[in-house]
Structures are given as C-alpha cells and as structure tokens.
Amino acid sequence: MIKQYTRQESDIENRLLKDLQIEILKNHLKIIFLLSIKRNGALSGYDLLQRTQNKYRVNLSPGTIYTQLYALERKNLLKGQVDSSGKRVYSLTSDGIKVTEIILSSRNQIEKMFTSLLE
C-alpha cells in the first residue's frame, strides 16, 4: 500500500532531506573544492560558492566556503594567489594534485562506502 502524505508530513520530509543534503555537502566541501579546481583551473572563493550553489541548490555562507579554503591551504593542498584582476584565486599544489588523483581513482570504493551507510 502506498502511503498518502499530508502536506505537513511532506513539508517535514522535504526539510529533513534538505538538511541532510546540506550536512553531507558541508562535510565534503574540501573534496568538492579540490575536484572543482582540478577540473576548471584556478578559482576564487566566490566562484566556488556560485558553483556549489548552482550545482547543489543550497545556500552556503561565504564563511563556510573560506574556512574550508583556508584549511586546504594550511594542509598545502591549495595555494591562494592574487590574479591580475586583484581577485584571490586558488590552485592545486603538487600535493593537491596527488590527493585529487587518489580521490578520482578511488571513486568506486567511495561510492560503495556511501552505499553501505544506507544498508
């Protein structure tokens, strides 16, 4: 039998799913940023904010974005530089390139891990 949801139940379910999506996204921003920069070249924090909002349809604060970028810089995975327009852009370091290659080559294992979380 298919359950009929009331509007209130449906709204609650939608909010819970959106909250879960935001939590998963926030916990994986470093990976998202590293891979975005690998695929697109040097990007600013604003570029990453816009790409993340457009792709995942969530609003993240600039503070959330820049906290992750600074953490990646401290780990020597990204290097921030001011470009010719005066905008700070981030590019991968040699360590960052290695990490993105490991992430991409481990895609199947990562997918299996997420799948097993839901079993």
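The values are calculated or read from the model by the stated rules, or taken from the named source; none is laboratory data. Just so it is clear, the structure is predicted and the values come from calculations on it, not from any experiment. Don't worry about glycine lacking a Cβ; one is built from the backbone with ideal geometry, like all the others, and counts go over all protein chains shown. Just so you know, the surface numbers come from the protein's heavy atoms only, side chains and all, with ligands and any DNA or RNA stripped out. Shrake-Rupley method; radii C 1.70, N 1.55, O 1.52, S 1.80 Å.
Taking the accessible area of the chain, probe 1.4 Å, and keeping the other protein chains in place, the carbon and sulfur fraction comes to 53%. Residues of the stretch 66-98 with the amide nitrogen closer than 16 Å to a label point 7 Å from the Cα of Leu35, along Cα-to-Cβ, please. Only 97-98 pass the distance filter. Within a straight-line Cα-Cα reach of under 29 Å, Lys112 can be paired with the following lysines, leaving aside sequence neighbours fewer than 8 residues apart in one chain: Lys18, Lys26, Lys30, Lys38, Lys55, Lys75, Lys98. Note the angle between two axes, namely the Cα long axis of helix 94-105 and the longest principal axis of the Cα atoms of the chain, as a number of degrees from 0 to 90, rounded to the nearest 10. Around 30 degrees separate the two axes.
In percent, what relative contact order does the chain have, based on Cα pairs under 8 Å that are 6 or more apart in sequence?
Values: 83 pairs, mean separation 28.1, N = 119.
Once normalised by length, the contact order is 24 percent.
Among Val89, Val82, Val58, Val99, the sequence by solvent-accessible area, most first, with a 1.4 Å probe is Val82, Val99, Val89, Val58. Applying D = kT/(6 pi eta Rh) to the chain, where Rh is the Kirkwood radius over alpha-carbon pairs, T corresponds to 37 °C and eta to 0.692 mPa s, the Stokes-Einstein value obtained is 203 µm²/s. Between Glu23 and Ser10, full extension at 0.36 nm per residue minus the direct alpha carbon distance yields a gain of 2.7 nm.
With protein chains left intact and a 1.4 Å probe, residues in the chain average 72 Å² of accessible area per residue.
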